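The values are calculated or read from the model by the stated rules, or taken from the named source; none is laboratory data. As the structure is a computational prediction, the values presented were derived from the model and not from experiment. Positions of Cβ are generated from backbone atoms using ideal geometry, with glycine treated the same way; all protein chains shown enter the neighbour counts.
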Amino acid sequence: MPLAYYSRAATEDFWSEHWAGEDVNRLVESASGSPLTDLLEATLPGAGPILEAGCGLGPYVILLRARGRAVSGVDWSLEALRRCRAAAPSAPVAAMELGRLAVRDGVLAAYISLGVVEHDARGPAAIVAEAARVLARGGTLLLSVPYWNGSRRFFAAHLTREARRIRAAGGEFYQFAFSRGEVRAFLEAGGFRVRSFHPYDPARMWRKRFGRLAGQLATAPASAPGPAGRGRARLGARATLRALLYSPVALRLFGHMILAVAIRR
């Protein structure tokens, strides 16, 4: 069974408030150098229409279109879509329910879903079935969810007790975290064949700690003299930290999300 988290329900109002503190252009800039973007671009088909379902403020719609991809976006937060259009007036985004897309059968070459299906308390089946409907046979699904990783498994008893406590205190369902096997099961039940899994975002669980470390790296003295030497030392330390975080072992232990690459049967 996937692990359920409780706090506040992920309603339209929740997402409008969630995105309120974010800047669209900053998100696009961040995405441009993200390892997740590398994963997406390496697995997307070479041509054909792509839909990002649950695009939020649309940074991936904006970025991938700038890189030559025919990407459109849909979301249920009107405020998020308004802000996307304010930043990129030509971005093709629209308001839709992800379980009832106003898209014809079998017209998409690829469907992107990043951190979306886990927020449905009924489970991901309805959204996955709709993704299968709009994808052409052989089309690519790129879907990510919170990962039931090694560290979460280690603290499973504590996390389960905490979830029960929050729910008993009036907390609402927020999201699930899934294992690889659970993701494979719901995708195969929805008409897909899973090709690969890719954990990512290993620093999310330790964000504050790494944030302090980044600050220390930025101000730490370097062995080499002068500003150029200090800059090289900081870049080297950051590159080493990133390499450690994105090693296969660290990703299995700490990857906050996992991306599944699947093909429509």
Taking the stated definitions as given, is R82 charged (D, E, K, R), without any contact (Cβ under 8 Å) to a residue 60 or more places away in the chain, out of contact with any Pro (no Cβ under 8 Å at 6 or more places or on another chain) and over 17 Å from L57 (Cα atoms)?
-> no
Considering each of D105, D75 in turn, give the residue that is of a type in the set (D, E), touching a residue at least 12 places away in the same chain (Cβ under 8 Å) and touching a Cys at 6+ places or on another chain (Cβ under 9 Å).
-> D75
What are the pairs, 6+ residues apart or on separate chains, where a residue within the range 49-63 that is more than 12 Å from W76 (Cα to Cα) and in contact (Cβ under 8 Å) with a residue 40 or more places away in the chain has its Cβ under 6 Å from a residue that is surrounded by 24 or more Cβ atoms within 10 Å (Cβ to Cβ) and among the polar types (S, T, N, Q)?
-> none
Right, G46: under 18 Å from L135 (Cα atoms) and at pLDDT below 95 or not?
-> yes
Tell me, which strands (runs of 3 or more DSSP E) wholly within the range 1-81 include 2 or more residues that are surrounded by fewer than 21 Cβ atoms within 10 Å (Cβ to Cβ)?
-> 3-7
